[in-house]
Amino acid sequence: MAAAARIWLAAAGLAGAAGVAMAAAAAHQGLPAPDLAGRAAEFLLLHAPALAATAWLADRRGGALPQLAGIAFLAGLILFSGTLGMRGLGLGMPAGIAPFGGMALIAGWLALTASAAWRRR
């Protein structure tokens, strides 16, 4: 397996683990905003398989598009889920960061789609 594919597969595992941990935290009473922590967990768990698909495409097809998808997914999860998770745990975050994470996640999905659809020459 290519080094880039191993990186994205490791990121998928970390996103999944973080999602389960955040979901567990959201399920317990006492968080200032458990709904935000739960939403962060959802996005982490929904994008872990996308990172695994990115790893597969990076290994099978190579090229820049799977790398772009992985970078966008990782940045999006950090900015979007990170912001929501921190707020859910009661830690302050600057306003306006989460939308950039959302845009990065959308870019990741588009890059993943392009990587799967276009032939590499």
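Computed from the coordinates by the stated procedures, all read-outs in this text should not be read as laboratory data. The shown structure was predicted, so the numbers you read here are calculated from the model rather than taken from an experiment. Glycine also receives a Cβ, built like all others from the backbone with ideal geometry; neighbour counts cover every protein chain displayed.
Being among the charged types (D, E, K, R) and under 30 Å from R60 (Cβ atoms) is the filter here; which residues of the stretch 1-37 pass it?
So the first thing to find is which residues in the stretch 1-37 are among the charged types (D, E, K, R), and the list is 6, 35.
Hit for the stretch 1-37 is R6, nothing else.
Mind checking which residues of the stretch 25-52 are of a type in the set (A, V, I, L, M) and surrounded by 19 or more Cβ atoms within 10 Å (Cβ to Cβ)? Talk me through it step by step, then tell me what you get.
Let us first name the residues in the stretch 25-52 that are of a type in the set (A, V, I, L, M), namely 25-27, 31, 33, 36-37, 40-41, 44-46, 48, 50-52.
Correct list: A26, L36, A37, A40, A41, L44, A48, A50, L51.
Which ones in the stretch 60-106 are part of a helix (DSSP H, G or I), over 26 Å from A2 (Cβ atoms) and over 17 Å from the mean Cα position of the chain (by Cα)?
Selection gives R87, G88.
In the stretch 1-45, what residues are without any contact (Cβ under 8 Å) to a residue 40 or more places away in the chain, over 16 Å from G85 (Cβ atoms) and outside any helix (DSSP H, G or I)?
Q29
For W56, only one of the following conditions fails: (1) touching a helix residue (DSSP H, G or I) at 6+ places or on another chain (Cβ under 6 Å); (2) in a helix (DSSP H, G or I); (3) surrounded by fewer than 19 Cβ atoms within 10 Å (Cβ to Cβ). What is its number?
(1)
Can you say whether G82 is within 21 Å of A10 (Cα to Cα), buried (at least 18 other Cβ atoms within 10 Å of the Cβ) and not hydroxyl-bearing (S, T, Y), as far as the supplied structure shows? Walk me through it before giving the result.
Values: within 21 Å of A10 (Cα to Cα): yes; buried (at least 18 other Cβ atoms within 10 Å of the Cβ): yes; not hydroxyl-bearing (S, T, Y): yes.
Against the criterion (within 21 Å of A10 (Cα to Cα), buried (at least 18 other Cβ atoms within 10 Å of the Cβ) and not hydroxyl-bearing (S, T, Y)), G82 qualifies.
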